[in-house]
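Comments concern the structure below.
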């Protein structure tokens, strides 16, 4: 179990580095917004890996709230991008 959570943590860290690079280098505002949204989902995944690794269920409520915020932010980003392309 420790090996699997370590691998998952490393892969999430690499994904976070890629998302941060896209935020900094993104050619458009839409790329930056999608990268920030992806970064939020990567953070939620990291929190899930932490919960599995430690067995501490106290953070499950935080995980649920973070997923809801990430979902709402995805909808807001999609609506913003759609509104910008319609102009």
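Some observations on this one:
- When 46, 55 are checked against the criterion of being surrounded by fewer than 16 Cβ atoms within 10 Å (Cβ to Cβ) and within 25 Å of residue 10 (Cα to Cα), 55 stands alone in meeting it.
- Scan segment 40-56 for residues that are under 21 Å from residue 6 (Cβ atoms) and either under 8 Å from the mean Cα position of the chain (by Cα) or at pLDDT below 90 (or both) and the total you get is 6.
- Among the criteria (1) in contact (Cβ under 8 Å) with a residue 40 or more places away in the chain; (2) under 20 Å from residue 9 (Cα atoms), the one residue 77 does not fulfil is (2).
- Residue satisfying all of: in segment 1-30; in contact with a helix residue (DSSP H, G or I) (Cβ under 6 Å, 6 or more places away or on another chain) and either more than 24 Å from residue 54 (Cα to Cα) or touching a residue at least 60 places away in the same chain (Cβ under 8 Å) (or both); surrounded by the most Cβ atoms within 10 Å (Cβ to Cβ) among these: 19
The values are calculated or read from the model by the stated rules, or taken from the named source; none is laboratory data. Predicted model, so just to flag it, every value in this text is computed and none were measured. FYI the Cβ positions are ideal-geometry reconstructions off the backbone, even for glycines, and counts take in every protein chain you see.
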